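Below: the structure, in structure tokens.
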Amino acid sequence: MKPLIIRDAIDADAAALADLAAQLGYPASIDSVQAGLRRYAGNPEERVIVAELSGQVVGWTSVGVIDHFYTPVYVEISGFVVDTKHRSAGIGAALMGEVKKWTKAKQLGIVRLRANVIREDAHRFYGREGFLKVKEQFVFEARLDGDR
């Protein structure tokens, strides 16, 4: 088996990213993933990072620098998923290691993420990676296009 490769996502990864997004509960088309990747491309404040094993993308995370006027600047993980067939094999830890390395390179000291309350396995993983639960909250959404 080839070694795990951690790298930035490219357009050719779109189908695998879409499949993994569906595992996370966010179905996405290949076209929408490609469009999203283009928005990240060249932006030094955002990244989509993939884990590749034997030529196949088996995990990804998306991160960005958040700079609100009322909080210290931090990096937020906006998405994080490892293929169900490859969990508990160190892939998530490798992705998280890259996030932490990138955060430190930006001279920032905080990484935040949000996790659905039903993802108890993910909560345990984040705890092992040094994350502490600092608050609970609800997510509110207003659909302005009339859909409910």
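Read-outs throughout are calculated quantities, based only on the coordinates presented, and are distinct from any laboratory measurement. Everything numeric in this text was worked out from a predicted model, so none of it was measured. Counting neighbours? That spans all protein chains shown, and the Cβs are built from the backbone with ideal geometry, glycine included.
The Cα center of the stretch 102-145 and the Cα center of the stretch 41-96 differ in position by 12 Å.
Along the positive direction of the dipole of the chain (beta-carbon charges: Lys, Arg +1; Asp, Glu -1; about the Cα centre), which of I6, L17, A28 reaches farthest? Among I6, L17, A28, the one farthest towards the positive end of the dipole of the chain is I6. Note on K85: lysines with a C-alpha under 28 Å away, same-chain residues under 8 apart excluded, are K2, K100, K101, K133.
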